[in-house]
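Shown next, in structure tokens, is the structure this report addresses.
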Amino acid sequence: MSSETNLVQRHDTNERINHWVLAITFILLALSGLALFHPAFFFLTNLFGGGTWSRILHPFIGVVMFLSFLGMAAKVWKDNHITGADREWARHFGEILANRAKNLPEIGKYNLGQKYVFWVLVYAIPILLVTGVIIWQPYFTPAFPINLVRFAVLIHALAAFIAIIAIIIHIYAAIWTRGSIRAMTRGTVTVAWAKHHHPAWYKEVSKEVKQ
Amino acid sequence: MPLQSLDITRRSATTTASPHQRQTAEVAKLIDVSKCIGCKACQVACMEWNDVRDEIGSNAGVLDNPPDLSGASWTVMRYSEVEPEPGKLEWLIRKDGCMHCTDPGCLKACPAPGAIIQYSNGIVDFHEENCIGCGYCITGCPFNIPRISKKDGKVYKCTLCSDRIAVGLEPACIKACPTGSLVFGTKEDMKQHAADRIVDLNRRGYPNAGLYDPPGVGGTHVMYVLQHADRPNLYHGLPKDPAISPMVALWKGVTKPLMSLGIGLAVLAGFFHYVKAGPNEVEEEETEK
Amino acid sequence: MASLAPTFGRGAMTNHWVDIKNANVIVVMGGNAAEAHPCGFKWVTEAKAHNQAKFIVIDPRFTRSAALADIYVPIRTGTDIAFLGGVINYLLSHDKIQHEYVKAYTNAALIVNEGYKFEDGLFSGYDAPTHKYDRSSWVYEMGTDGYAKIDETFQHPRCVLNLLKQHYARYTPEVVANITGTPKEQFLQVCEILATTAVPTLTTTFMYALGWTQHSVGSQMIRAAAMVQLLLGNVGMPGGGINALRGHSNIQGLTDLGLLSNLLPGYLTLAADKETDYQAYLDKRTSKPLRPNQFNYWSNYPKFHVSLMKAWWGDKATKENNWCYDYLPKMDMGYDILRHFELMNQGKMNGYFCQGFNPLASIPNKQKLIAGLSKLKFLVVIDPLATDTSCFWENHGEYNDVDSAKIMTEVIRLPSSCFAEENGSLTNSGRWLQWHWKGQEPPGEAMDDAAIIANIFLRLRELYRKEGGAFPDPILNLTWPYKIPDAPSAEELAMEYNGKALADLTDPKDPTKVILKAGQQVDGYGQLKDDGTTASGCWLFSGSFTEKGNMMARRDNSDPSGLGNTLNWAFAWPANRRILYNRASADPTGKPWDPNRRLVWWDGTKWTGVDVPDFKADSAPSEGMSPFIMQAEGLGRLFALDNMAEGPFPEHYEPFETPIGTNPLHPKVVSNPAARVFKGDFEQFGKTDKFPYAGTTYRLTEHFHYWTKHARLAAITQPEQFVEIGEELAKEKGIKAGDMVKVSSNRGQIKAKAVVTKRIKPLQVDGKTIHHVGVPIHWGFKGIAKPGYLANTLTPVVGDANSQTPEFKSFLVNVEKV
């Protein structure tokens, strides 16, 4: 971090690469998954070389995403405990949405919205993995009882739906909150951004630098 | 192959109408278990007509062979040694295969447009060139029929010889059956034939003989005459009240449009929020502090 | 066949497949029609569906036939005579016989010779050292008029009916249950149902196959059923009869054409060594009527025989040289298949031609067969497949563990065509000769069988011509009129069997009227002559290929009567008759017994009907001619006279390997006293101490003998050898379904998967619990199915005393988990 440049380091290179691996695989999975979920989206299979390729690739991509998520979750687990400040922040949620927020509590590295996305994924992705393995033809499905497979396809769809909604919110939040995307592209945010959105985190990192 | 392409009632993963200018009479295969001698001529005829060969397997301590349906065995005989009354042994032999449901779970579950087709004559046909090998049809089927081929990863099952029926022939298994256990015709005629058989069975001491044409799947185009229609489970686990699993019904029912809508709404909500509230920008003075 | 001819006159299924639909009660016993004859079995399902027929299956195993039966009754293998003897006793003691029929159409009223006796399990005339009967006392008592004596009041103690009652009085339901293991109530239930068909308007039909023939008393089992049918008045009736189901599409044709070593075509018989005088040969076979006014059809023997000799040796056969009688071989003994291998083992048979036959799998005691084949100088195998026999010298590990280096036999394999690769006729169980057409050319160097034999014959004749020999005349003079000498066509052969006129034939009633010109095909065997003016290769097939063309190729299935007698479909011997002895379907006055099933009747001037009457067409009922026209007395024989090796009445004898070790009826005579057992084979019989279970071999619907293990589709549907054992025995032995088990007899052992089933139940027999072990036969060391053991590794070498058909159905084994 350099005060000269007015920038604060938010994510290091490894984190950024991992995030984008996760992001890309998630998008691919969402597109190929939706393609097989509703006929309206079946045209998306063309992105993957047709229906059969979509079916073949989807589970392998899924495994990559799971490993990637595992890495990320281990790293950011401790930053995602929900605190009193988060709860206070939640009370101002309407003002925040309306861009009228004042006197917000001091938020750490992640705000409550980000934490919710995280926890949703913490539950959804392992569920997707387990149910995905159960419905993974032709390798694993024959080993499972048919009713479990039926349950798995339903749960897989529900979990995917929830995860997709969460990620849509996540993406929109990144677009809406100006100055956020560079945190994942270049790894840094401006000091003003840090002070405004994550003051507690900013204090912490600037302390570290001073010492 | 789609030989009756103007007679299509339904296609998988298709939300618009299918070509159905032409309407044909509903057909059915009737399997009279009380006349079946388990000779497997139908199995052989099926392999011959469709030109598929299962592997030469092994004996697993039963007469059933091949032991299960497969990509190359679209029908198999199921032998059940049961005692419906204590001490009275019966050897029930049931020809197993696709039932050609009026409300086909496989078609409902299939994500690949046109991979599963239902003709107006009632035949549910797989068009393997459109199949993507996901196996969703297997989850949809209440009778555990479709099988993924080890050779090509596509799913196969009985076609009710749609290719033969299209040119006015009966299915190969019907042609091969030596005892008249298998008969084929319009569904109405087959119901009448079954009614006559049930009278005979009633007289022979089977008061519960009946026709198996389960309403839970809208009726089927392969029907059984059973000596014990009240206990279809005796026949190698033929389900009593088959229906598409509620889980599959939910998955391929309301969730499909609702979730799609939900995703669309989420995107739209973001967009309009942006239009209304604008970006969340950090003010300049803050930056300078 | 060795029992139907003595009883009715002809050795064949009395009715035909389609006719089974007319039955009211169907009994499958000694057979498993659903599995072995699935196509013909359709007529059982027809009878059930449209004639409300009751269907009974009696078998040690609950078979696929039993799966469709109204009543299944278990029985211990080899005890069918005890069961049927019990039925006879029931019918007689409950007075459930069709009296008018029995009196008029069977020999019930005829009186038997005084010398006839039955005591302690033996009939009169037994010679213990030779195991043979002097059968001279098993005859009728003859009157001074030269005819057999009769007592139509049934008062005479030695009339057949009274002897019958006396003989079977011992077969009480308790005795039957004790021997057969069939619960008494179930036995009586069957008796009651059979008894319902003693009325003229209801019929029972019996369907049997190898489950009766393959016993040391097989012929007598069939005879016992034939007697039941005579008592019930069911022979000659639509929906009645004794229906021998042949195990091979053309095995009926084999016996019709005389391919057994003691026969000539058309059931003419070969002379014995001593029969050097032609006239004496003919006289012995030209039967004399035993009752007045009888048709006595075998009085025509000379016509058939002379015509045969003219077909074979043409102009060379003249009255002066007794129609070449001396050319025919004379038998010193019967050369049945069991004898063949005995002679090979003795070094007395050095060459063997094996055509369309796989004896290594089809004859008992494989070890003995391998030893015999190994001693041959040459073995010629004519077959479409590489049979196990043709490869007997190959080592196939545990499945055929031979030392190839030590086998010096030269094996020559001549590939032949399959049935679908040639024209020809097949004669089915119902005696229909059906023509079939070549579907495709045989592969590679394969030739049809006639061409192979022709090529061998022509070369042989050439050698005789060049080198002479002890007696070359029969070979050199054989007629060989075929257009292409080394490839006689099926049509040429068929025309030769039918026969033709060699000179102009005139109407016997009007000698100026020429019926047939010289060279024309005869219309039927009625036109054959004993003066050398006709030739016929098989009189029985006369009428099958006439001047009108190939009758066997007819395909008109119109059935005006609805009884299924499609007279314009193919050709049925004799004379296109569909139901044999059909005269008996009408009462003595010539009126059908059953007004709803009218088959033939007397219309006032002649016999007519919906079938070809099996009778002299102009013999009015008042003349008193009886319906079994091949018999010298014209009657169905409840008493078989001297035609059966082990007695005129069937008696229960245990299998040679009996699981109870005794015969509860007569412990001193346990097994068939007239059966032939070779030295060495007797020593190889096992006992219950080491082999406690009743083994039985059988066929499965998925396979055909040892052929279809070469066919992929059949191999897919039943790929691997297995044996069937009951749940109780399996539990005792710790065997689970799918386990590998070893089944052994005193002659060898096989290994196979265990199918554990509820369908084989232990039976209570003579105070013991008897378990059956089922051994399907279809596997071997050649083919594309999983390799297996030839089942005849286990089976004993003993045959029926009349036909020498091996006892494959009853032997002793042990079972162990491997």
ask   = Simple spin-label model, 7 Å along Cα-to-Cβ: C:ASN455 to A:ALA74 in nm?
value = 7.8
request  = Return the long-range amide H neighbours of C:PHE353 (sequence gap of 5 or more, or a different chain), with a cut-off of under 5 Å between placed amide H atoms.
outcome  = C:VAL380
remark   = Short to long, in 10 Å steps from zero, the percent of alpha-carbon pairs of region C:94-218 per bin is 10, 27, 37, 22, 3
query = Taking C:LYS103 as the anchor, which aspartates and glutamates have their alpha carbon closer than 15 Å to its alpha carbon, excluding any fewer than eight residues away along the same chain?
reply = C:ASP95, C:ASP151, C:GLU152, C:ASP587, C:GLU633
query = For region B:1-155, what is Rg from Cα atoms divided by 2.2 N^0.38 Å, rounded to two decimals?
reply = 1.16
Paired Rg and Dmax values of region C:482-574, which use every Cα atom, in angstrom = 15.0, 46
remark   = Of the listed pairs C:LYS348/C:LYS500; C:LYS316/C:LYS517; C:LYS406/C:LYS782; B:LYS150/C:LYS817; C:LYS348/C:LYS742; B:LYS95/C:LYS184, those with alpha carbons more than 29 Å apart are C:LYS348/C:LYS500; B:LYS150/C:LYS817; C:LYS348/C:LYS742; B:LYS95/C:LYS184
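Tell me, what is the percent relative contact order of region A:17-130, built from C-alpha pairs under 8 Å that lie six or more residues apart?
Numbers: 82 pairs, mean separation 26.7, N = 114.
After rounding, I find 23 percent.
Classify region B:26-95 from the C-alpha gyration tensor, please: rounded if a/c falls under 1.5, else prolate or oblate depending on whether a/b exceeds b/c. Each step should come with its number before you reach the end.
Details: a/c = 2.94, a/b = 1.39, b/c = 2.11.
Note, shape of region B:26-95 comes out oblate.
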query = Can you tell which of C:VAL743, B:GLY185, B:MET259 lies farthest toward the positive end of the dipole of the protein assembly as shown, using +1 and -1 charges on the Cβ of basic and acidic side chains (Lys, Arg; Asp, Glu)?
reply = B:MET259
remark   = Distance in nm between B:ASP51 and C:THR608 label points, each 7 Å along Cα→Cβ, equals 5.6
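Let me know the number of lysine pairs in region C:564-719 closer than 20 Å at the Cα, not counting same-chain pairs under 8 apart. Numbers along the way, then the final one.
Values: C:LYS591/C:LYS606; C:LYS591/C:LYS616; C:LYS606/C:LYS616; C:LYS668/C:LYS687; C:LYS679/C:LYS687.
Total qualifying Lys-Lys pairs in region C:564-719 comes to 5.
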ask   = Taking the alpha carbon gyration tensor of the protein assembly as shown, what are the square roots of 5 times its eigenvalues, largest first, to the nearest whole Å?
value = 81, 32, 31
request  = From other protein chains only, count the Cβ atoms within 10 Å of every residue's Cβ in B:129-140, then give the mean.
outcome  = 6
Under the Karplus curve 6.51 cos²θ - 1.76 cosθ + 1.60, θ = phi - 60°, whole-Hz ³J(HN,Hα) for region B:220-231, x wherever Gly or Pro sits = 10, 9, 10, 10, 10, 9, 10, 5, 10, 5, 6, 10
note = Yeah, region C:497-626 with a ≥ b ≥ c from its alpha-carbon gyration tensor (a/c under 1.5 is rounded, else prolate when a/b outruns b/c, oblate otherwise) is oblate
ask   = If only Cα atoms are counted, what is the Rg of chain C, and what is its Dmax, in Å?
value = 26.3, 85
remark   = For C:TYR698, the residues 5 or more places away or on another chain with a placed amide H closer than 5 Å to its own amide H are C:VAL775, C:ILE777
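Given the alpha-carbon gyration tensor of chain B, what are the semi-axes of its equivalent ellipsoid in whole angstrom, ordered largest first, with each equal to the square root of 5 times an eigenvalue? Let's see the in-between values first.
On the way: eigenvalues 426, 89, 78 Å².
Output for chain B: semi-axes of 46, 21, 20 Å.
When you count, for each residue, the other Cβ atoms within 10 Å and take the mean per peptide, how do C:374-380, A:188-194 rank with the highest first? Walk me through the numbers on the way to the answer.
On the way: C:374-380: 16.9, A:188-194: 22.9.
Listed from highest to lowest mean packing, they are A:188-194, C:374-380.
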query = Relative to the present Cα-Cα distance, how much length would full extension add between C:VAL199 and C:GLU445 at 0.36 nm per residue of separation?
reply = 82.6 nm
Residue-averaged [θ]222 nm for chain C, counting only DSSP H segments that reach four residues, each worth -39500 (n - 2.57) = -6000 deg cm²/dmol
inquiry  = Need one number: nm distance between label points at A:LEU47 and A:ALA101, each 7 Å from Cα along Cα→Cβ, rounded to one decimal.
reply    = 3.0
ask   = Hey, got the Cα dimensions of region C:143-210 along the principal axes, in Å, largest first?
value = 49, 31, 28
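Looking at the square roots a ≥ b ≥ c of the eigenvalues of the Cα gyration tensor of region C:219-355, which shape do they give, rounded for a/c under 1.5, prolate if a/b is larger than b/c, or oblate? Don't jump to the answer; show the numbers that get you there.
On the way: a/c = 2.01, a/b = 1.19, b/c = 1.69.
Oblate shape, in that a/c is at least 1.5 and b/c is the bigger or equal ratio.
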task = Figure the gain on full extension for C:GLN520 and C:HIS131 (residue separation times 0.36 nm, minus the Cα-Cα span) and round it to one decimal in nm.
result = 135.0 nm
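Assuming R0 = 25 Å, what is the FRET efficiency of C:ARG712 and B:ASP152, from their Cβ-Cβ distance, to the nearest 0.05? Before the final figure, lay out each step's value.
On the way: r = 20 Å, r/R0 = 0.81.
Approximately 0.75, to the nearest 0.05.
Could you work out the Rg to Rh ratio of region C:408-459, with Rh taken as the Kirkwood radius (inverse of the mean 1/r over all Cα pairs)? Present the calculation step by step, with values, prior to reporting the outcome.
Numbers: Rg = 13.9 Å, Rh = 12.8 Å.
Rounded to two decimals, Rg over Rh is 1.09.
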Degrees separating the helix B:187-203 axis from the principal Cα axis of chain B, which is the longest one = 50
ask   = When Cβ neighbours within 10 Å are restricted to other protein chains, what is their mean count per residue of peptide C:713-725?
value = 6
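Assigning unit charges at the beta carbon (Lys, Arg +1; Asp, Glu -1) and nothing else, what dipole magnitude in debye, to the nearest 20, does the protein assembly as shown show about its Cα centre? Can you show the working numbers first?
On the way: 134 positive and 131 negative charges, 565 e Å.
For the protein assembly as shown, the charge dipole is close to 2720 debye.
Peptide B:29-40: average number of partner chain Cβ atoms within 10 Å per residue?
5
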message = Restricting to lysines 8 or more places apart or on different chains, can you count the pairs in region A:57-211 with Cα atoms under 24 Å from each other?
response = 24
ask   = So which cysteines of chain B have no other cysteine's Cβ under 4.7 Å from theirs?
value = B:CYS36, B:CYS39, B:CYS46, B:CYS101, B:CYS110, B:CYS131, B:CYS134, B:CYS141, B:CYS161, B:CYS177
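None of the figures in this text is laboratory data; all of them are computed from the coordinates on show. Predicted model only: the values in this text are computed from it and were never measured. A quick note on method: Cβ atoms are made from the backbone with ideal geometry, for glycine too, and the neighbour counts reach across all protein chains shown.
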